[in-house]
There are 2 protein chains.
Amino acid sequence: MHRHDGHDACRTDAHDMLARAEAVCRARGLQFTPLRREVLGAVADSGKAQGAYDIAERLSAPGRRVAPVSVYRALDFLMEQGLVHRIASRNAFIPCAYDHAPGEGVIFLICRTCGAVDEASTQEVEDGLERTLERAGFTPTHSILEVEGDCGLCREQKRTP
Amino acid sequence: MHRHDGHDACRTDAHDMLARAEAVCRARGLQFTPLRREVLGAVADSGKAQGAYDIAERLSAPGRRVAPVSVYRALDFLMEQGLVHRIASRNAFIPCAYDHAPGEGVIFLICRTCGAVDEASTQEVEDGLERTLERAGFTPTHSILEVEGDCGLCREQKRTP
DNA sequence: CGCGGGTTTGTTACAGTGTATCACCGCAAC
DNA sequence: GTTGCGGTGATACACTGTAACAAACCCGCG
């Protein structure tokens, strides 16, 4: 499983992310514009979930202002392409750590201490969830599964300070 | 399972909710003030999730304005007491349909058609979730599980219009 | 080359969501 | 009484997200 622990500089894959995004867009005949690249870079370049306004501020410079609305549009695009996830409980965004199988669900593991967000597969959860939904007579279209807690590294650091 | 289908007027339990809330507060030595009662009533009195501003507007009248901040405070209190749930994906609030076992998780089933929100237990889901979290070395403190889709009644109505 | 049509971005304005702060009130305890 | 504390009112503000329109860009086509 990929680690976004936020303790060491976990930006090794920012470059990979950009390469993957470029490939995805090319394959789908979509534009991977400079702005979209920058927004994805900003999201991928930090170990923790970023708010849209944080990203806007980060991309802005004395000579150049990036408005939040532009960031939102880029994020919408990136989410449609599955390159970025939105964390509903934080109003924040993270890069997608890997290619998900189509229809596969994701669990977001949000560390309340270091703020890093990891992804886990829902395979083991899906069975029970499907049964529960069926019993309730409910037909799902989209699920959100977010767990807050302490990641392994933060737990260790608390034990041995 | 309790039905909050929103098709018929599902307010039968609004009165029960208030009675239960009163009992809970008395048992815990907390104040169930008129404002808190009204806010809980407004949340319980509608089949669908209510935004804080909706509630504020609903409680306001020509001679009396209830500010959103007051509603938020009441909602915070009600959530702490487990009488109201927050739906993160909608920024909205629903009454808690039943007494949950301590530590028991909840799944929110959100109908995208009628807007009703039902609750289901996570018992069948919990096993897989625990295993997944353990494998990831993650210690959970709080989980959010929200599923969007079509409830049984809305699905029927779509089939036979 | 210039033109037309789609997409992307910039800009402004605004709607919706949530919090901070301080003042006031009511009530219980001392 | 007055002191303290929790609850409420009121204002202001920060944060999150969207609507609408104009300008820039790109690309194919005549």
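The values are calculated or read from the model by the stated rules, or taken from the named source; none is laboratory data. Computed from a predicted model, the values in this text were never measured in an experiment. Positions of Cβ are backbone-derived with ideal geometry, glycine not excepted, and every protein chain shown enters the neighbour counts. All accessible areas refer to the heavy atoms of the entire protein, side chains included, with ligands and DNA or RNA removed. Shrake-Rupley method; radii C 1.70, N 1.55, O 1.52, S 1.80 Å.
Assorted remarks:
- Just so you know, the averaged projected area of the alpha carbon convex hull for the range B:7-98 sits at 6.1 nm².
- Surface accessible to a 1.4 Å probe, B:F32 within the full protein complex, Å²: 40
- Where trypsin sites (Lys or Arg not before Pro) in DSSP loops with at most 15 other Cβ within 10 Å are excluded, longest remaining stretch of chain A: A:12-64
- When nucleic acids and ligands are ignored and a 1.4 Å probe is applied, A:M17 ends up with an accessible area of around 10 Å².
- In order along the range A:93-105, the phi-based Karplus estimate (6.51 cos²θ - 1.76 cosθ + 1.60, θ = phi - 60°) of 3J(HN,Hα) comes to 10, 9, x, 7, 6, 8, 6, 8, 5, x, x, 6, x Hz; Gly and Pro are listed as x.
- Taking every DSSP beta bridge that has both ends in the range B:102-161, the antiparallel portion is near 55%.
- Accessible surface ranking that places the most exposed of B:H100, B:H15 first, with a 1.4 angstrom probe: B:H15, B:H100
- These residues, B:L35, A:L59, go from largest to smallest accessible area, 1.4 Å probe, as B:L35, A:L59.
- Partner chain coverage, peptide B:116-125 - average Cβ within 10 angstrom: 4
- Taking chain B and dividing mean pair separation by its residue count, relative contact order in percent (alpha carbons under 8 Å, at least six apart): 23
- A:V69 - accessible surface, heavy atoms, 1.4 Å probe, Å² rounded to 10: 80
- With both residues required to sit in chain A, DSSP beta bridges show an antiparallel share near 75%.
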